[in-house]
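The values are calculated or read from the model by the stated rules, or taken from the named source; none is laboratory data. None of the values given here were measured: they were computed from a predicted structure. Every residue, glycine as well, gets a Cβ built from its backbone with ideal geometry; the counts of neighbours run over all protein chains shown.
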Amino acid sequence: MADALPTDAAPPGGLDRRRFLTWLVASPTLMVAARWGLDLPSAQAAEPSAPEETSLNLYVAVRTDGRVVTTLPRTEMGQGITTAVAMLVAEELDTGLDSVDVCTADADPRWLIQLTGLSSTMRYLAGPLRAAAAEARARLVTAAAHRWRLLALTLTTAQGEVHAPDGRTLGYGELAEDAARVLLPEVSPLPKSPGEYTVVGQPTGRVDARDIVTGAARYTLDLDIPGAMPTVVARPPTLRGTVQSFNASTARAMPGVVGVVQLPSGVAVAARTFAQAFAARDALQITWAPGPASHLSDAHIRARLRDAIGPRPLPPLLTTRVVEGRFDFPYLAHAPMETQSCVARVTGDTAEVWSGVQDPKFARSQVAAALGWALTPQRVTVHPIRAGGGFGRRFFTEAAVEAALVSRSLGQPVKLMWSRNDEMRQGHYRPASHHRILASLGPGGSVLGWHHRAAIPTVEFPHGFGDLLTAMAGQVLPDVTSAVFFALTQHVPYQFGWVAQELAEVPLPIPTASFRSVFTSQVGVANEIFVDQLARELQRDPVELRRSRLKSRRLKAVLDRVVLEGAWGRALPPGVAQGVAVLEEWDSAIAHLVEVDVTGGTPRVLRVVIAADVGLPINPKGIEAQLQGAALDAMSTTLSAGLHIDAGAVREGSFADYRWLRMKHAPASIQVHLVRSDDRVGGVGELGYPSAAAALANALARATGTMPTRFPILDEGA
Amino acid sequence: MPAHSFILNGQPVSVESPADLPLLWVLRDMLGVTGPKYGCGVGVCGACTSHLDGESFRPCLHSVGEVAGHEVRTIEGLADATGLHPVQQAWIAEDVAQCGFCQPGQIMAAVALLRKNPQPSDADIDAAMSDNVCRCGTYVRIRSAIHRAALLLRSGASLPER
């Protein structure tokens, strides 16, 4: 593809400080590309050096039927990005939301960043998408002007049509070919200013809602890949246990069984139906060797973590009193509704896999390596498929590797599914942690220091995190370690004198993964609970103490808003209390106010009030959904959901004992109020978790008189 | 192998399979009906919730032999020629779904609830819907959607049969 005529599209002042390089792509119909993922000074960005050779770019294409197609290097997992992207494109192109098709790109190393995580999708794609769509509109208008021999500046656009002052109209589809040959747009190719928006910022239902409610939405195992055999895997009872020996003679003779294949992770059985595959799996006779964590149970793990905290540092000068808080968080399973699954078709020298992966490039390299093609990964095609929830679990792609190996061994396509037990007991987990926070108090109620030391088992980050954080941090971070990620992400938003936060990394042979909010799901939660403890020590109101110490204007604004909307301090009956907490992260700020009732024995959350500043709210309805969902996650893991490790095995096996909240536990309302301090696009996916958990814990402390320090608080099986 | 005949989404179907094959896999693997999802296989998550003779049931817990001669309805059979069922309409209006994987089951459970109790209270909804897990946390919107669907059903001149 030859590119022509780069346009240095500088968005209107105040909208976005970044500039995005856009250019026309040689193609039969209009196609505009935008460089993305780069945050370079404009002098560098304006260099039109055959960018298509080094990286893929975001495209906005207009077809002759008037439909607009955008290919997105991200995976829809329920976070609503497909809808938000369609809204941005429809806005800048002045076309109907239902005229925009958002397709997911196959894995391709030329995508600079293809990872869906770290609340980054809209932050990184909104700018270039707007630039590309605005440029496409300018070329369509110019094409119409040429056709009509009118001044382009006199034309307007609406609903996928260009309008002339005399009432004539031309549909975008009719102009798509001409627009591809427009050399220079004759109207501004710049994106609109937010004041002109009619689509962006309007609460909008998701574009795939109808497919979902009719059962037409296709997830990996719903795909109709001819001849794909249902496959399940017998897995060891302990984490990462291995097969010592097995006898499959009974299983192979069972009805419907197509084949039995030994894998590094267990023994796979393929059959005509999943029911038959499960039955044959259960008939396998396998001797397992215990996994590397078999010497570890909860008590050992807690002791290892506590031991890693070390001695107290010397407090700052003039310290009169040191207040200490200790917190314990459990291992968590991501437990997406759709278990890990993959369809794979491996032939002699190529492989094709379909799976809901959060990092398709990583999946491709893993599958290639497993098939012995590490040096020729281009033989592997990865099609990312809509996923039934991700939450960080789908950065890892064991199901794709297993499916590819079984397909190659059997010589036919397979659809491999993890059982719910597999998902719970052989996953990657949000690690457990132990925290010590020391607040040094001085004369006159002053806070002289805040020292947080967190002992956390090493978190396994996928390779794609390096690419993404490199783009975010502006410096090359090829290998993202726990220490790097901790340092980049963990901040204390208060003026607390000498502040230090340290990670004590504890290597344990239990597989880990990032989880919604990553370290903030523990460090940030503990901090905000301990701020309330500090308020009690200083005999100050938790809101008033926060207000007096917060450094961020945005945080003060969202705190003020929840205090107002949630009626902080209103009279409540005994046993009912409010709690607040705040968080600023990924260019967004949020405050939660939670009301909890402990009179019934088991705490019940009555209502949650949220104020969030996410900058420009692209789809307020989608943002509300994300924040409501994150609040439920926070309530679940604070109150009742956590894993136990018994001699290297995960005890919980399904939603029966992994007690994620149900309808009967959901509060009457989770209100979301948006505060808008500027028009930058902030992150949303992870934002809603930490301060929701802390506000709930703070409400519990105020209702019961005891600060919760060990989670989940309703731990029955410790 | 024995043949098992039942009515699926209004159409007679016949399947040759062992009688004890769980219906979920007959639907998904043999009949290509993929609306009911596998979430646990043991009846604790509700992702496969469908209707057996109009009552909510879990196809992962019932064999094909058990449903022979009965009427099975999945999410695919909920809308009819006249359009979406009011519960589906309410789900769209409240923008309930996130990842969407549990929603076919949630919707089928809600339809069954409203058939028995056309005007459920929050407590009724809690009691009827707490066996369906939504990992994305859409419960507050599900509750609103059920109330909205109840209104739609009460105001609707012609009540859908399903």
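Scanning segment A:610-644 for residues that are of a type in the set (S, T, N, Q) and at the interface with another protein chain (Cβ under 10 Å from one of its Cβ atoms), which turns out farthest from A:A557 (Cα to Cα)?
Within segment A:610-644, the match that is farthest from A:A557 (Cα to Cα) is A:S636.
Regarding segment A:138-148, can at least one residue be identified that is within 14 Å of chain B (Cβ to nearest Cβ) and under 21 Å from A:A33 (Cα atoms)?
So far as segment A:138-148 goes, no, none of its residues is within 14 Å of chain B (Cβ to nearest Cβ) and under 21 Å from A:A33 (Cα atoms).
Restricting to segment A:182-209, give me the number of residues that are in a loop (DSSP other than H, G, I, E, B) and either within 16 Å of A:W148 (Cα to Cα) or within 14 Å of another protein chain (Cβ to nearest Cβ) (or both).
Final tally of qualifying residues: 11.
Among residues belonging to segment A:682-706 that are over 30 Å from A:P203 (Cβ atoms) and of a type in the set (G, A, S), point out the one that is surrounded by the most Cβ atoms within 10 Å (Cβ to Cβ).
A:A697
Give me the pairs, please: first residue somewhere in segment A:199-218 and at pLDDT 95 or above, second residue anywhere and among the basic types (K, R), beta-carbon distance under 7 Å, and either six or more positions apart or on two chains.
What qualifies is A:P203/A:K621; A:T204/A:K621; A:G205/A:K621; A:A217/A:R386; A:R218/A:R386.
Determine whether segment A:701-716 contains at least one residue that is closer than 20 Å to A:E565 by Cα and not β-branched (V, I, T).
yes
Residues to consider are A:S409, A:S419, A:S433, A:S365; find the one that is at negative phi and within 14 Å of chain B (Cβ to nearest Cβ).
A:S419
Just to be sure before I move on: is A:V343 of a type in the set (A, V, I, L, M, F, W, C), touching a strand residue (DSSP E or B) at 6+ places or on another chain (Cβ under 6 Å), surrounded by 21 or more Cβ atoms within 10 Å (Cβ to Cβ) and away from chain B (no Cβ under 14 Å) in the structure I sent?
Considered against the rule, which asks whether it is of a type in the set (A, V, I, L, M, F, W, C), touching a strand residue (DSSP E or B) at 6+ places or on another chain (Cβ under 6 Å), surrounded by 21 or more Cβ atoms within 10 Å (Cβ to Cβ) and away from chain B (no Cβ under 14 Å), A:V343 comes out as no.
Can you tell me which residue among B:L78, B:L84 is in contact with a Ser or Thr (Cβ under 8 Å, 6 or more places away or on another chain), at the interface with chain A (Cβ under 10 Å from one of its Cβ atoms), within 22 Å of A:A216 (Cβ to Cβ) and surrounded by fewer than 18 Cβ atoms within 10 Å (Cβ to Cβ)?
B:L84
Which residue, of A:L593, A:L564, is surrounded by 20 or more Cβ atoms within 10 Å (Cβ to Cβ) and more than 30 Å from A:E91 (Cβ to Cβ)?
A:L593
Kindly provide the set of residues from segment A:667-681 that are in contact with a Lys or Arg (Cβ under 7 Å, 6 or more places away or on another chain) and either buried (at least 23 other Cβ atoms within 10 Å of the Cβ) or within 14 Å of chain B (Cβ to nearest Cβ) (or both), ordered by number.
Listed by number, the residues that qualify are A:P667, A:A668, A:S669, A:V681.
Among the residues of segment A:397-446, write down those that are assigned to a loop (DSSP other than H, G, I, E, B), hydrophobic (A, V, I, L, M, F, W, C) and surrounded by fewer than 24 Cβ atoms within 10 Å (Cβ to Cβ).
Passing the criteria: only A:W418.
Taking segment B:2-57 as the search range and keeping residues that are more than 9 Å from chain A (Cβ to nearest Cβ) and in a helix (DSSP H, G or I), which one is surrounded by the fewest Cβ atoms within 10 Å (Cβ to Cβ)?
Looking at the filtered set, the residue picked out is B:L27.
Name the residues in segment B:87-107 that are buried (at least 24 other Cβ atoms within 10 Å of the Cβ) and part of a helix (DSSP H, G or I), would you?
B:V87, B:Q88, B:A90, B:W91, B:Q103, B:P104, B:G105, B:Q106, B:I107
Counting just the residues of segment A:346-369 that are among the β-branched types (V, I, T) and not in a loop (DSSP other than H, G, I, E, B), which one comes out surrounded by the fewest Cβ atoms within 10 Å (Cβ to Cβ)?
Per the criteria, the residue is A:V346.
Restricting attention to segment A:334-384, which residues are within 19 Å of the chain's Cα centre (by Cα) and acidic (D, E)?
Matches in segment A:334-384: A:E338, A:D359.
Test of understanding: among B:Q106, B:Q89, which residue is in contact with a strand residue (DSSP E or B) (Cβ under 9 Å, 6 or more places away or on another chain), within 10 Å of chain A (Cβ to nearest Cβ) and of a type in the set (S, T, N, Q)?
Of B:Q106, B:Q89, the one residue that is in contact with a strand residue (DSSP E or B) (Cβ under 9 Å, 6 or more places away or on another chain), within 10 Å of chain A (Cβ to nearest Cβ) and of a type in the set (S, T, N, Q) is B:Q89.
Enumerate the pairs (first residue in segment A:502-513 and farther than 19 Å from A:A303 by Cβ; second residue anywhere and at pLDDT below 95 and not in a loop (DSSP other than H, G, I, E, B)) with beta-carbon separation below 8 Å, excluding pairs fewer than 6 apart on the same chain, so at least 6 apart or on different chains.
A:A513/A:R393; A:A513/A:F395
Among the numbered criteria (1) out of contact with any Gly (no Cβ under 8 Å at 6 or more places or on another chain); (2) at pLDDT below 95; (3) part of a loop (DSSP other than H, G, I, E, B); (4) not acidic (D, E), which single criterion is violated by A:S514?
(1)
If you scan segment A:54-90, which residues turn out to be in a helix (DSSP H, G or I) and closer than 20 Å to A:Q626 by Cβ?
A:I81, A:T82, A:T83, A:A84, A:V85, A:A86, A:M87, A:L88
Restricting to segment A:645-657, count the residues that are facing chain B (nearest Cβ under 10 Å) and more than 22 Å from A:Q626 (Cβ to Cβ).
4
Just checking, which of A:L559, A:L545, A:L639 is free of Cβ contacts under 8 Å to residues at least 24 places away in the same chain and within 24 Å of A:F530 (Cβ to Cβ)?
A:L545
Condition (residue is at pLDDT 95 or above and either surrounded by 22 or more Cβ atoms within 10 Å (Cβ to Cβ) or more than 23 Å from A:E505 (Cα to Cα) (or both)) applied to segment A:461-479: is it met by at least one residue?
no
With respect to A:G566, is the statement that it is in contact (Cβ under 8 Å) with a residue 12 or more places away in the chain and either within 29 Å of A:F519 (Cβ to Cβ) or away from chain B (no Cβ under 14 Å) (or both) true?
In short, yes.
With A:V269, A:V232, A:V260 as the choices, which residue is away from chain B (no Cβ under 12 Å), buried (at least 22 other Cβ atoms within 10 Å of the Cβ), within 34 Å of the chain's Cα centre (by Cα) and β-branched (V, I, T)?
One residue alone meets the criteria, A:V269.
Go through segment A:584-605 and give me each residue that's within 12 Å of chain B (Cβ to nearest Cβ) and either of a type in the set (A, V, I, L, M, F, W, C) or not in a strand (DSSP E or B) (or both).
Listed by number, the list holds a single entry, A:V605.
Specify which of the listed residues (A:D178, A:D166) is without any contact (Cβ under 8 Å) to a residue 60 or more places away in the chain, surrounded by fewer than 16 Cβ atoms within 10 Å (Cβ to Cβ) and under 19 Å from A:L151 (Cβ atoms).
Checking each option against the conditions leaves just A:D166.
Within segment B:58-75, how many residues are assigned to a strand (DSSP E or B) and either buried (at least 24 other Cβ atoms within 10 Å of the Cβ) or polar (S, T, N, Q) (or both)?
2
Does A:A557 qualify as being out of contact with any His (no Cβ under 8 Å at 6 or more places or on another chain) and not in a helix (DSSP H, G or I)?
Here the answer is no, as A:A557 does not meet what is asked.
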